[in-house]
Amino acid sequence: MLNIKVNGHQTALPLGATVDQLVTQLALEGKRYAIERNGKIVPKSAVGGTPIEDGDQFEVVIAVGGG
Amino acid sequence: MDDQQLLRYSRHILLDGFGVEAQEKLAASTVLVVGAGGLASGVLPFLASAGVGKLLIADGDTVDLTNLQRQIIHRESSIGHNKASSAKQSLAAINSSIEITAIETRLDAAGLARMVETVDLVVDCTDNFVTRHAINAACVLSKTPLVSGAAIRCDGQLMTFDFKSEHSPCYACVFPDSPDAVEAEEDRCGVMGVFAPLVGVIGASQAADALKMLTGFGELSVGRLRLFSAATMTWREVRVRRDTGCRVCGTSPLTLARPEQESYA
């Protein structure tokens, strides 16, 4: 298993998991979000091909629209 | 600059790395501020007081009582009046030596694109994603620098883009426009509320980025998404890079002109 942190909380994903699996697990599809991995935004076009590594830290940033 | 102007702007001119040259750049600059609500209340007074030569302010809405809790550019006497025009009136009292134009109607995408082409920088102070994406697309197309701010509840977001650099990401690289994303009702200030000084913090930060971009003063934070929490008074920043697959600025852009987006609120 891969031990990772999402928004500060420890969680585990199966070996070989990619960022899009995390997106699905977090039910982010259809939302206006950006996913940050170790301090950098993962480009949307790269979400599927980005493997998750043990110890990765993720933060989900939801777009704010108010003005 | 005459003696009166040198005196007026002396506290900027005195700054190391600013000087008369930067002040003259501001005087020669034109900035479009889209939206004249809370964020603009933080942005506009500083752009006007600092001597940006021409300000264009666009907003089709009118001031209402619930705006006054945080939109400090407006007055009780402005209730029922157009926001762009109310803002213009406040700013004219701050600096009568600059040119201020109020655009009191909602611009369609074509109008927005035309206007963006004529300015040196755009500040996004709008309250909805449709307009945010339309502004971003227009700025990418014309390579006009964009300072984007947003605020709701106690959360603020800030991003500055210099599209003159080919490596610059754009707003859609971070938050792509998705036709499926519901314009969530809960994103609106009217539902979730907004902490009054938050719009001042984000707005003043947008003004700082705009002045720095126009003058070259200081260091500019581009390619970063800056997140502010008014609940904890803390900033956090995340690096953003250009997404080559971005539908707006990527290698095969699909929707640069955005003709389907007609108006902003």
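The values are calculated or read from the model by the stated rules, or taken from the named source; none is laboratory data. Because the structure is a prediction, the values reported are computed rather than measured. Don't worry about glycine lacking a Cβ; one is built from the backbone with ideal geometry, like all the others, and counts go over all protein chains shown. In case anyone asks, the SASA skips ligands and DNA or RNA and just uses the protein heavy atoms, side chains included. Shrake-Rupley method; radii C 1.70, N 1.55, O 1.52, S 1.80 Å.
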One would report the antiparallel percent of DSSP beta bridges in segment B:111-244, rounded to the nearest 5, as 75 percent
Between the residues B:Met213, B:Leu225, B:Val199, the Cα farthest towards the positive end of the dipole of segment B:194-245, that dipole coming from +1 and -1 charges on the beta-carbon of Lys, Arg, Asp and Glu, is from B:Leu225
Report, to the nearest whole %, how much of the accessible area of segment B:85-144 belongs to carbon and sulfur atoms, 1.4 Å probe, protein only. 48 percent
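Exceeding 19 Å between C-alpha atoms, which entries from my cross-link table qualify? They are B:Lys25/B:Lys54; B:Lys88/B:Lys143; B:Lys143/B:Lys212.
Over 19 Å apart, Cα to Cα: B:Lys88/B:Lys143.
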Here the percent of antiparallel bridges among DSSP beta bridges lying wholly in the protein assembly as shown, to the nearest 5, is 60 percent
In debye, nearest 20: dipole of segment B:47-185 around its Cα centre with unit charges on the Cβ of K, R (+) and D, E (-)? 420 debye
Accessible-area loss of at least 40 Å² (1.4 Å probe, chain alone to full protein assembly) applies in segment A:45-67 to A:Ser45, A:Val61, A:Ala63, A:Val64, A:Gly65, A:Gly66, A:Gly67
Report the A-B buried area as the accessible area lost on both sides summed, probe 1.4 Å, in Å² to the nearest 100. 2200 Å²
Comparing each residue of segment B:219-245 in the complete protein assembly with the chain by itself (heavy atoms, probe 1.4 Å, ligands and nucleic acids ignored), those losing at least 50 Å² of accessible area are B:Arg236, B:Val238, B:Arg239, B:Arg241, B:Asp243
Count the net charge of all other residues whose Cβ sits under 13 Å from the Cβ of B:Leu55, scoring Lys and Arg as +1 and Asp and Glu as -1. -1
Principal axis lengths of segment B:19-137 from Cα atoms, whole Å, largest first? 42, 33, 18
Counting pairwise Cα distances across segment B:116-162, what percent come out greater than 14 angstrom? 46 percent
Whole-Hz ³J(HN,Hα) from phi, Karplus 6.51 cos²θ - 1.76 cosθ + 1.60, for segment B:121-128, glycine and proline x: 6, 10, 10, 8, 10, 8, 10, 8
Considering only the other residues whose Cβ falls under 14 Å of the Cβ of A:Met1, what net charge follows from Lys and Arg at +1 and Asp and Glu at -1? -2
Output ³J(HN,Hα) for segment B:67-77: one whole-Hz value per residue in order, computed from phi by the Karplus curve 6.51 cos²θ - 1.76 cosθ + 1.60 with θ = phi - 60°, and x for Gly and Pro. 6, 5, 4, 9, 8, 6, 7, 9, 10, 3, 6
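Considering only chain B, what is the antiparallel percent among its DSSP beta bridges, to the nearest 5?
Around 50 percent antiparallel, to the nearest 5.
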Considering the alpha-carbon set of chain B alone, what are its Rg and its Dmax in angstrom? 17.7, 57
Along segment B:105-111, what does the Karplus equation 6.51 cos²θ - 1.76 cosθ + 1.60 (θ = phi - 60°) give for ³J(HN,Hα), rounded to whole Hz, x for Gly and Pro? 10, 7, 7, 7, 4, 5, x
Excluding residues on the same chain fewer than 8 positions from A:Lys31, give the lysines whose Cα lies under 23 Å from its Cα. A:Lys5, A:Lys40, A:Lys44
Could you work out what % of the accessible surface of chain A is carbon and sulfur, using a 1.4 angstrom probe and leaving DNA, RNA and ligands out of the count? 50 percent
What ranking do A:35-45, B:194-204 get when scored by the average of other Cβ atoms within 10 Å per residue, highest first? B:194-204, A:35-45
Quick one: if you take sqrt(5λ) for each eigenvalue of the C-alpha gyration tensor of segment B:60-217, what semi-axes come out, biggest first, whole angstrom? 24, 21, 16
Please identify the chymotrypsin sites (Phe, Trp or Tyr not before Pro) of segment B:96-181 that satisfy two criteria: DSSP loop assignment and at most 13 other Cβ atoms within 10 Å. Which are they? none
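In square nanometres, what is the average projected area of the Cα convex hull of the protein assembly as shown?
Convex hull of Cα atoms, orientation-averaged projection: 17.0 nm².
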Per residue in segment B:135-160, which ones lose no less than 50 Å² of accessible surface when going from chain alone to all protein chains (1.4 Å probe)? B:Gln157
Whole-angstrom gap from segment A:8-61 to segment B:148-172, using each part's C-alpha centre: 21 Å
Quick check for you: with a 1.4 Å probe and neighbouring chains kept, what is the accessible area per residue of chain B, in Å²? 45 Å²
Could you state the per residue volume, in Å³, of the convex hull enclosing the Cα atoms of segment B:68-133? 115 Å³
Cβ-defined net charge surrounding B:Lys164, 12 Å radius [Lys, Arg +1; Asp, Glu -1]: -2
Quick one: Debye curve from the alpha-carbon atoms of chain A only, equal weights, vacuum; give me log10 I(q)/I(0) at q = 0.15, 0.16, 0.24 Å⁻¹ to two decimals. -0.43, -0.49, -1.09
